[in-house]
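Note sheet for the following structure.
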Amino acid sequence: MKIYAEIEIEGVKPILINTFPIETLRPGRSKSGTTGNDGQEWEKTVLMTPNRELFIYNTYIIGAITNAGKLIKVGKATLSKKVGSSLEVVEDQLMLEGLIVPKSEDITNNPTDPVYLDVRAVVNPMTKGRNVRYRVAAKPGWKLKATLSWDDKAVSKDDMKLCVENAGLFEGIGDGRKIGFGRFKMISFKMKQM
């Protein structure tokens with residue numbers, strides 16, 4: 001039977017928002033900046049509504065919770081495949097509560113601002129060369145709510161709750177997860193009737 005839970009999470013580390021811009025695949029598009037250093041890059045990779053409200057896709061949460069299932073042993077296997085095969089997030093976009101992206105002339109790289117521009121060198125794994133990456137970030141304390149749905153024959157309520165907790169502790173969401181960005185704690189996990 002399909003069951004539902006509403007979760008609320010709060011960031012304990014900054015979250016970096018950097019999605020793949022489809023327009024980069026179009027031929028003949030002009031670029032700003034120099035190769036590997038484009039100060040306007042963030043405007044094409046940020047996830048925000050027309051009102052400049054910051055959000056993430058539901059796939060960020062699904063991926064984190066599914067990967068966290070690898071940490072929970074069930075017999076000789078882990079929960080990851082069962083979680084991945086049955087978990088859905090009802091909402092397509094998950095709003096980061098109260099976070100508005102400043103206009104390009106107003107955004108700073110001050111990490112104490114609620115929403116800021118994270119500027120750092122990153123390594124291209126193919127060439128081992130370094131590029132400067134400009135990504136919108138939200139300081140720790142960001143919050144979001146999501147409605148999870150899954151089959152309780154595949155994953156119990158308690159196991160799903162543990163997967164969400166592990167996702168926050170060990171996986172994170174957004175960009176830079178391997179270096180600790182996007183980590184969160186679970187504020188609530190409430191079963192819900194739909």
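The values are calculated or read from the model by the stated rules, or taken from the named source; none is laboratory data. Since this is a predicted model, take the numbers as computed values, not measurements. All Cβ positions, even for glycine, are placed from backbone atoms using ideal geometry, and neighbour counts span all protein chains on display. These accessible areas exclude ligands, DNA and RNA; they are computed on the full protein's heavy atoms, side chains included. Shrake-Rupley method; radii C 1.70, N 1.55, O 1.52, S 1.80 Å.
So in the stretch 143-160, with the set limited to residues that are open to solvent by 20 Å² or more (accessible area, probe 1.4 Å) and touching a residue at least 40 places away in the same chain (Cβ under 8 Å), which one is farthest from G69 (Cα to Cα)? Don't jump to the end; show me each part of the working.
As a first pass, look at the stretch 143-160 and keep what is open to solvent by 20 Å² or more (accessible area, probe 1.4 Å): 143, 145, 151-154, 156-159.
Within this subset, residues satisfying the condition of being touching a residue at least 40 places away in the same chain (Cβ under 8 Å) are 143, 145, 151-154, 157, 159.
On the way: K143: 22, K145: 20, D151: 15, D152: 15, K153: 16, A154: 12, K157: 13, D159: 9 Å.
Only one residue fits best here, namely K143.
Consider the stretch 111-121 and keep the residues that are within 11 Å of V136 (Cα to Cα) and not aliphatic (A, V, I, L, M). The one that is modelled with the lowest pLDDT is D118.
Scanning the stretch 69-86 for residues that are surrounded by fewer than 19 Cβ atoms within 10 Å (Cβ to Cβ) and touching a strand residue (DSSP E or B) at 6+ places or on another chain (Cβ under 9 Å) returns K70, L71, I72, S85, S86. From the list T66, T59, the lone residue that is part of a helix (DSSP H, G or I) and surrounded by fewer than 16 Cβ atoms within 10 Å (Cβ to Cβ) is T59.
Residue-level check: of (1) outside any helix (DSSP H, G or I); (2) open to solvent by less than 50 Å² (accessible area, probe 1.4 Å); (3) not acidic (D, E), N166 misses just (1). Of the residues L94, L99, the single one that is modelled with pLDDT of 95 or more, within 21 Å of N166 (Cα to Cα), part of a strand (DSSP E or B) and not β-branched (V, I, T) is L94.
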